[in-house]
Amino acid sequence: MIELVLGGNKSGKSDFGLELLRAAPKPWTLVATGKSRDLAFREQIRAHRLDREPDIAVREADTDLAAALRGLSTLGGGILVDSLDFWMFALSSLDAASGKVRREELLAEISSWRGGKLILVSTEMGLGPLAYDGTVRAFARDLGQLNREIASISASVYLVVAGLAQKLK
């Protein structure tokens, strides 16, 4: 089963993703996609670690999220990917063709998912003003497209606003 959790920055989407993970059978695995590049983000990661149960295994994914998921698909239980937007940021370090291949590989892996409960967290980019910068607009379009494609193959889709989750699908 695939579930997608969308929301804005600091909306509570990661907390809700953890709630969904806790409702899944064990073992539990968190696939972390964010890399700490500044002190504030390192502090945010540290706070998330302190809030998590110690029995949630943590795996870090770089740009090849599909391979990371493939390696976890036989575990069963629950897998939480937090978050697709940080993974998309990581893809920006690749050339455009390689980034496109990684997105296609991820969609293929998710489309054929036969593992345990897979929960994907992502930022919903379409709720704010249109960015002035072309690079930011392109990122928002790419992430929005990825979110739509994953939503179409997900059993459940949630939108989290102000810590409140609304089931959309």
Inset, instruction - List the number of the failed condition for Ala140; all other conditions in (1) in contact (Cβ under 8 Å) with a residue 40 or more places away in the chain; (2) over 19 Å from Gly12 (Cα atoms) hold. - result: (1)
Legend entry - Scan of the range 101-138 for residues that are of a type in the set (Lys, Arg), out of contact with any Ser or Thr (no Cβ under 7 Å at 6 or more places or on another chain), assigned to a helix (DSSP H, G or I) and at pLDDT 95 or above, ordered by number: Arg103
Inset, instruction - Kindly check whether there is at least one residue in the range 13-35 that is surrounded by fewer than 18 Cβ atoms within 10 Å (Cβ to Cβ) and of a type in the set (Ser, Thr, Tyr). - result: no
Inset, instruction - Kindly provide the set of residues from the range 1-22 that are free of Cβ contacts under 8 Å to residues at least 60 places away in the same chain and closer than 13 Å to Gly77 by Cα, ordered by number. - result: Arg22
Legend entry - When residues of the range 129-147 are limited to those that are surrounded by 10 or more Cβ atoms within 10 Å (Cβ to Cβ) and not aliphatic (A, V, I, L, M), the one nearest to the chain's Cα centre (by Cα): Asn147
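The values are calculated or read from the model by the stated rules, or taken from the named source; none is laboratory data. Note that the structure is predicted; figures quoted are calculated from it, not measured. No Cβ is skipped: glycine too gets one built from the backbone with ideal geometry, and neighbour counts run over all protein chains shown.
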